[in-house]
Amino acid sequence: MAEQNEEPVEVGEDDTDNPNYKPPAQKSLSEIQKLDEDDESLQKYKKTLLGEVPDPPVPDDPRNVIVKKLAFCSEGRPEIEMDLTGDLSKLRTLVVKEGTQYRIKIYFYVQREIVSGLVYKQKITRKGIPVENLSTMVGSYGPKKELNCHTTTLEDVPSGMLARGTYVVKGVFTDDDKNKYLEWQFGMEIKKDWQD
């Protein structure tokens, strides 16, 4: 990463959090399936919504949500992927062209229980000064073997001589209950053009 000495950036509460929202009481998937067992139509409906509970895709990992990778996507360019399952301190610095538009794709598994209100938060700083905060509602997911993918809305990379330089991007994947499934940090260097 380009600025190794920069202090870690906290991604915390922001003005997009609704202080009046109260998440529902957490119930396990088996508790939900056992509710109203005598109501045949409700059981069929739950089976349609929840399906059969699959074996976990990563059975040796006790976590319910496993964030696998992140991809930086800009039209006309190949996706730049980061593996989020290894040593997160060794994530590389992305070099991006000023003035381009981009999206972030996050790939993740939900293994054992329904997860409610997943949120991706991203904070960008430059020399310790906050530049941008992004909070994206990812949604609620039930367990399945397939990898889930969430794509953020289109964002703009700043442009101009003053915008060029190195930034720190810190991301966190959390839910309604404020469980943090993964936090990571990487560098982003804005240049006049792409580095091929």
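The values are calculated or read from the model by the stated rules, or taken from the named source; none is laboratory data. Quick caveat, the model's predicted, so the values are computed rather than measured. In this analysis, Cβ positions are derived from the backbone assuming ideal geometry, glycine residues included, and neighbour counts consider all displayed protein chains.
Residue pairs whose Cβ atoms lie under 6 Å apart, sitting 6 or more positions apart in sequence or on different chains, and linking a residue in the range 56-67 that is at negative phi to a partner that is β-branched (Val, Ile, Thr) and in a loop (DSSP other than H, G, I, E, B), are 66/58. Put simply, of 114, 124 the only residue that is farther than 12 Å from residue 186 by Cα and of a type in the set (A, V, I, L, M, F, W, C) is 114. The residue list 145, 97, 105, 127 contains one member that is within 14 Å of residue 80 (Cβ to Cβ) and out of contact with any strand residue (DSSP E or B) (no Cβ under 6 Å at 6 or more places or on another chain), which is 97. Regarding the range 66-78, can at least one residue be identified that is part of a strand (DSSP E or B) and small (Gly, Ala, Ser)? Checked the range 66-78: at least one residue is part of a strand (DSSP E or B) and small (Gly, Ala, Ser). Of all residues in the range 167-196, those that are within 20 Å of residue 132 (Cβ to Cβ) have Cβ atoms under 6 Å from Cβ atoms of residues that are among the acidic types (Asp, Glu), 6 or more apart or on another chain, in 168/6; 172/183; 190/98. Keeping to the range 85-139, report how many residues are assigned to a strand (DSSP E or B), farther than 28 Å from residue 163 by Cα and among the small types (Gly, Ala, Ser). Result for the range 85-139: 3.
Within the range 142-166, residues that are touching a residue at least 60 places away in the same chain (Cβ under 8 Å) and on the phi > 0 side of the Ramachandran plot reach partners that are surrounded by 11 or more Cβ atoms within 10 Å (Cβ to Cβ) and assigned to a loop (DSSP other than H, G, I, E, B) with beta carbons closer than 9 Å, at six or more positions or on different chains, in the pairs 160/98; 160/99.
Residue count for the range 137-166 under the criterion of being hydroxyl-bearing (Ser, Thr, Tyr), surrounded by fewer than 16 Cβ atoms within 10 Å (Cβ to Cβ) and under 17 Å from the mean Cα position of the chain (by Cα): the result is 3. I'd like to check something: does the range 153-163 contain any residue that is of a type in the set (Ser, Thr, Tyr) and part of a strand (DSSP E or B)? No, the range 153-163 contains no residue that is of a type in the set (Ser, Thr, Tyr) and part of a strand (DSSP E or B). Tallying residues that are surrounded by fewer than 17 Cβ atoms within 10 Å (Cβ to Cβ) and at pLDDT 90 or above within the range 167-180 yields 2. Scanning the range 76-121 for residues that are closer than 19 Å to residue 134 by Cα and surrounded by fewer than 15 Cβ atoms within 10 Å (Cβ to Cβ) turns up 99, 101.
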